[in-house]
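Okay, structure first, notes after.
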Amino acid sequence: MSLRVAVAAPFRQRGKRELEQNEFVVALSLDRDWFSPDQAKRLVDVATGEGLLEQVDGNLRCTFDPNEVEIPEEFVPGDDVLTERSAFEQVLDDLVAAGHEKHEAVGAINQLQQELDVTIAAAALVYARQQGLDVSEARTKARQELTEA
């Protein structure tokens, strides 16, 4: 969830859905002092990989409405947002952000994995859909993981 908040902040600050990459980096590194410029560029890579940003004509476009993301006043993202998450981790984070208990979700996902004889990512996607979550971003990531394996 903090990745989505970190991505949304520059767009909300500038009041746009599309920014030049330099604007995005400056907003995160100089304006907010959350990351170094190199870390902010790494965030672009991670967020693009997770489907939160897309490259359009040399600019960055936010794939979700940044105005729907609440940015707490004292929020500072951790370094963990600079690390790509697996599809399973992405779904689990989304479930927790939606109010599900982490240990209960993991237990249910593990049970589904055994029952369906599928990967942990596939079981997580099924469980999240059963809980009413939009898993389109994680589904794309899971497909990518399967083709790379």
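The values are calculated or read from the model by the stated rules, or taken from the named source; none is laboratory data. As the structure is a prediction and not an experimental result, all values here were calculated from the model. Every residue, glycine among them, receives a Cβ derived from its backbone with ideal geometry; neighbour counts consider all protein chains shown. Remember, those area values only see protein heavy atoms, side chains included, never the ligands or the DNA or RNA. Shrake-Rupley method; radii C 1.70, N 1.55, O 1.52, S 1.80 Å.
Residues in the chain average 56 Å² of solvent-accessible surface per residue, probe 1.4 Å, ligands and nucleic acids excluded. Taking amide H as placed 1.01 Å from N in the peptide plane, the amide H of Leu53 sits under 5 Å from that of Thr48, Thr63, each at least 5 places away or on another chain. Placing unit charges on the Cβ atoms only, positive for Lys and Arg and negative for Asp and Glu, gives the chain a dipole magnitude near 260 debye about its Cα centre. Put simply, when 74-86, 36-48 are sorted by average Cβ atoms within 10 angstrom per residue, most first, you get 36-48, 74-86. Helix 2-14 axis versus longest C-alpha principal axis of the chain: approximately 30°, rounded to the nearest ten. In whole Å, how far is the Cα centre of region 22-93 from that of region 97-127? Using only Cα atoms to place each centre, the spacing works out to 26 Å. What a 1.4 Å probe finds exposed on region 1-103 is 42% carbon and sulfur by accessible area, rounded to a whole percent. Using θ = phi - 60° in the Karplus curve 6.51 cos²θ - 1.76 cosθ + 1.60, the 3J(HN,Hα) couplings for region 100-107 round to 7, 6, 4, 5, 5, 5, 4, x Hz; x is entered for Gly and Pro.
Full extension of the chain segment joining Arg17 with Glu89 gains 23.3 nm, where the gain is 0.36 nm per residue of separation less the Cα-Cα distance. Each stretch of four or more DSSP H residues adds -39500 (n - 2.57); spread over every residue of the chain, this sum gives -17000 deg cm²/dmol at 222 nm. Applying the Karplus relation 6.51 cos²θ - 1.76 cosθ + 1.60 with θ = phi - 60° to region 58-74 yields 3J(HN,Hα) values of x, 10, 9, 10, 6, 8, 10, 7, x, 6, 8, 9, 7, 10, x, 4, 8 Hz, where x marks Gly and Pro.
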